[in-house]
Amino acid sequence: MEEEPLCGIRRHNISHIIAHIVKMENDTLNGSTYSKLNKTVLDKAKPMWGKILIYVYEDGAIPYDIGLDVEKSMGERYSSKNVTDGFNNFQADLAIIDLFRTFPGRTFHPDEADFFVVPYPHASHCLQLNMMKGWIRECRHISRSTIKKMINGLMYYKGNEKKHVFINSMEVWQSHSHIRNVPLSINYGPRLNEGGYHIVVPYLSDDQSVQPSAVKKRGEQWWLRPRELSLAYFFGLENPKMRQNFRKYRRFFFDEVRQNWTSPYLGKQLPYVVESLDSQQQLPSSYFNAIYKHSVFCPTLPGDGPTQKRFFDVIAMGCIPVVLAFETDMSSQSKTSWHAPGGHPVEYSLPFAKHSTSISTENEIDYDSFVVKIKEVGEMRETLESLFRNHSEIQRLQLNLMKNAQYFLYGIGDDSHLYEDAFAKIVQSLEYYKNEMLLNEATA
């Protein structure tokens, strides 16, 4: 048996397996899709995912230093860096802005527009300043006057406030209050009962191997194939900058495995790996994705916010997410939070969720169909062992992953606007907002 490092638990010598997996997957890594961003409206695609017209403000409408300059400098960073360092969690804004610019339903006539997209990359702007000045909560290093000036400069804003779409690829509570409370925004959630209307979207993975076209080519057998690992979990421990320690359940699970998982295997003699990572370890995201791809289950225990990029990464790799399900008294259909006791409900925390009333019922995502839920970390092993004895149930979960995975991926470049992907879901959400929210308000 391999000696356990202080930061990791491998009760079986699987170093050779991991080395083989990572080398094999890195040999097929094609780099970042950020090199494929463009500003040309795609004639080949059809606006098949929504019957709306969108006006995107021209480049000059946003001050250069917080608009195009941020897009250029941060786009170069995103294109050249394949490291999980926290900053790449918020890079979706540039891709979403590009997708709106190239959307086949884009109009250059504001008088016929259903929505007005503001190409201000708030998350990337905030991160750019964080890199220079250090982390400041709620992006307070961006002055209120800067944001007010930008909004006041939008020619068609007055009278159309609720039709203006702001792109904010951060958790709501991390963003500047003046962006958090605009009437309509796209963000990582959770939806709050304050300020404006929030459309919750997934994090972005810019790995070309998980572009929608690549995922669509996977056959059913890819999703049902045997794996080399039963479980893989990589995580950071407590964040001293957070007022509440939501990550404590990661430590609880780590201790549970160390103390009570005496067998080196789960299921049919499959080894597992559980490792904590400190802030100095900057491994490429391809390292984790490679291991997720070869694992059956991937815990996604609570992080600082109700959602985390890892949840979407493991889905894209065909690994079944395992979450802690807490009761919450917040008003909701599910009465369940996957973040904390009394926390934000699932339907207000995850993109396009069932019962979220943010998208039409036929386009909702049923997370219960592919996620394993436990009430406490001590139930993890027993629950997974039971599933390993029920192969048909594992296959059901894997096939539902196959059905839903593309909804969490953004088609970029040659994949733009060709698949029912995350951006298509955004368009569907805007169409729902137009037909249900704005129309009801107009007729009230």
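The values are calculated or read from the model by the stated rules, or taken from the named source; none is laboratory data. Note that the structure is predicted; figures quoted are calculated from it, not measured. When we count neighbours, we look across all protein chains shown, and the Cβ atoms used for this are built from the backbone with ideal geometry, even at glycine. Surface areas here come from the heavy atoms of the whole protein model, side chains and all, with no ligands, DNA or RNA. Shrake-Rupley method; radii C 1.70, N 1.55, O 1.52, S 1.80 Å.
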Kindly check whether there is at least one residue in the range 75-87 that is out of contact with any Asp or Glu (no Cβ under 9 Å at 6 or more places or on another chain), crowded, with 16+ Cβ neighbours inside 10 Å, basic (Lys, Arg) and at pLDDT below 90. yes
Looking only at the range 151-158, decide whether some residue is more than 25 Å from the chain's Cα centre (by Cα), of a type outside the set (S, T, N, Q) and part of a helix (DSSP H, G or I). yes
Scan GLU362, GLU393, GLU347, GLU382 and give me the residue that is free of Cβ contacts under 8 Å to residues at least 24 places away in the same chain and open to solvent by less than 10 Å² (accessible area, probe 1.4 Å). GLU347
Candidate set from the range 190-213 (those that are touching a strand residue (DSSP E or B) at 6+ places or on another chain (Cβ under 6 Å) and not in a loop (DSSP other than H, G, I, E, B)); member that is surrounded by the most Cβ atoms within 10 Å (Cβ to Cβ): ILE199
Limited to the range 150-173, what total is found for residues that are over 14 Å from VAL118 (Cα atoms) and modelled with pLDDT of 95 or more? 1
On the basis of being at pLDDT 90 or above, under 28 Å from GLU431 (Cβ atoms) and either open to solvent by 30 Å² or more (accessible area, probe 1.4 Å) or assigned to a loop (DSSP other than H, G, I, E, B) (or both), does ILE52 make the cut? yes
Just a yes or no: is a residue in the range 136-149 closer than 19 Å to TYR55 by Cβ, at pLDDT below 95 and surrounded by fewer than 22 Cβ atoms within 10 Å (Cβ to Cβ)? no
Tally the residues that are under 22 Å from GLU431 (Cβ atoms) and open to solvent by less than 10 Å² (accessible area, probe 1.4 Å), restricting the search to the range 173-189. 7
Yes or no: the range 88-106 includes at least one residue that is among the β-branched types (Val, Ile, Thr), part of a loop (DSSP other than H, G, I, E, B) and closer than 25 Å to TYR432 by Cβ. yes
Considering the range 363-379 alone, what residues qualify as being more than 19 Å from GLY318 (Cα to Cα) and either among the polar types (S, T, N, Q) or in a helix (DSSP H, G or I) (or both)? ASN363, VAL377, GLY378, GLU379
